[in-house]
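Every read-out reported here was derived from the displayed coordinates using simple, explicitly stated rules and does not represent laboratory data. The structure presented is a predicted model; accordingly, all values stated were derived computationally and were not measured. As a convention, Cβ positions derive from the backbone with ideal geometry for all residues, glycine included, and neighbour counts pool all protein chains shown.
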Amino acid sequence: MCGRFAQYQPRDALLAPLHLSDSAIPYDPVPIGRYNVAPGTRVLLLNQRDGLLHLDPVFWGYAPEWWEKAPLINARSETAASGRMFKPLWRNGRAVVPANGWYEWKRAGDKKQPYFIHAKDDAPLWFAAIGKAPYDRPHEKEGFVIVTAASDKGMVDIHDRRPLVLTAEAALAWMSADTSPQHAEEIAHDGALPEEAFSWHPVSRQVGNIHNQDETLIAEINDPLI
């Protein structure tokens, strides 16, 4: 994880629980309508710049000039702060992906069944992210990655990794320029929502096609493969 997620509510609804006061984000009640966000596309990313919060369309993926493989889309919370690839991003490029949920594929032999995972109360989620700032200047293939953590309890039955989903308070602290890299590590450890905050259900395998984008993708199905 994380390889696909949903970002479909209006951005006003997604950001409302954060109670933003210091932001440069204009009012916009139009639904984003992305039920199948895939890597390699531009994603609305919440970040702090010049003392204000901004929402910028940023490339999902990170491949610096010396990296000869496909862009990476995730970074492990346990190692990102100290590794060669992500340490500079952890220090200066912390951001948040507002989302409504994400998809994971449960595997058994050659069978794969997608599940949609979301907050039990259907509240917006905030994925911890790191990337190449500043985000108002697009960098080709040097966008952002979603920070992941180990799954626990029942969620591990679907996948052993999940996005690091922050509480509202932790999300604001994570983005703050006043937060040190060391404090960010503490936030990653202590500010994440527990497994008990989520629900999940099987969904149509149509989510496997990135061209499918409608709301039927998050509907529960009655005949899962697994």
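For segment 78-110, enumerate the residues that are at positive phi and in contact with a helix residue (DSSP H, G or I) (Cβ under 9 Å, 6 or more places away or on another chain).
101
In segment 14-24, which residues are surrounded by fewer than 16 Cβ atoms within 10 Å (Cβ to Cβ) and either closer than 24 Å to residue 218 by Cα or of a type in the set (A, V, I, L, M) (or both)?
16, 17, 20, 24
May I ask you to say which residue of 58, 43 is in contact with a Gly (Cβ under 6 Å, 6 or more places away or on another chain), surrounded by 14 or more Cβ atoms within 10 Å (Cβ to Cβ) and closer than 19 Å to residue 137 by Cα?
Step by step, each of 58, 43 is checked, and only 58 is in contact with a Gly (Cβ under 6 Å, 6 or more places away or on another chain), surrounded by 14 or more Cβ atoms within 10 Å (Cβ to Cβ) and closer than 19 Å to residue 137 by Cα.
Determine, yes or no, whether residue 202 is under 20 Å from residue 106 (Cβ atoms) and in contact with a Cys (Cβ under 6 Å, 6 or more places away or on another chain).
no
State which residue pairs qualify: first residue of a type in the set (Ser, Thr, Tyr) and inside segment 32-52, second residue surrounded by 15 or more Cβ atoms within 10 Å (Cβ to Cβ) and part of a strand (DSSP E or B) in any location, beta carbons under 9 Å apart, and separation of 6 or more residues or different chains.
35/6; 35/7; 41/34; 41/59; 41/60
Condition first: surrounded by 13 or more Cβ atoms within 10 Å (Cβ to Cβ) and closer than 16 Å to residue 77 by Cα. Now tell me which residues in segment 180-207 satisfy that.
181, 183, 184, 185, 186, 187, 188, 191, 192, 193
Would it be correct to say that residue 133 is among the aliphatic types (A, V, I, L, M) and farther than 28 Å from residue 215 by Cβ?
Answer is yes for this residue.
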